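The values are calculated or read from the model by the stated rules, or taken from the named source; none is laboratory data. Predicted model only: the values in this text are computed from it and were never measured. Glycine also receives a Cβ, built like all others from the backbone with ideal geometry; neighbour counts cover every protein chain displayed. Heavy atoms of the whole protein, side chains included, go into the accessibility calculation; ligands, DNA and RNA do not. Shrake-Rupley method; radii C 1.70, N 1.55, O 1.52, S 1.80 Å.
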Amino acid sequence: MPNTLVDLIERAPWREAVTYRETWPHEYVLTSKDNCADLLALIVERWKAGEGVSCRFFNMENTYLFIGEHKYWIMVPYDEFDWDVARVEDYVLNRARLYRDRRDFVIQPGDTGMREDYPVEAAGV
């Protein structure tokens, strides 16, 4: 039976991104080291099919894929993703828990990523 996206997500060895532990908690896997190239390939396919959501993280625009309780992203535009590079180097696939509020779409000054620190005033769209 082929691996489904959910199967690959559940089996991936997600690790905490220590660098952002206090400011924007999230997890990541390395495509090559963690044997997650198939997972990234399925996510890239979904982006290419138009399922991604364009969002901002402070001043940076990126495309996110929302699946279950998480949003997923890589640090390069998905349409510039290079499988030849991916065979040699690791791409970092990130994920963060969804908060079910506007923070999932617009990050604003004062938003540390922790629910208790979310700015009182809603972010502008």
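If the condition is being over 17 Å from Glu80 (Cα atoms), of a type in the set (Val, Ile, Thr) and open to solvent by less than 50 Å² (accessible area, probe 1.4 Å), then the range 13-65 contributes only Val29. Residues of the range 20-62 that are in contact with a helix residue (DSSP H, G or I) (Cβ under 8 Å, 6 or more places away or on another chain), in a strand (DSSP E or B) and under 20 Å from Asp7 (Cα atoms): Val29 alone. The condition of being at pLDDT 90 or above and within 15 Å of Trp24 (Cα to Cα) does not hold for Tyr99.
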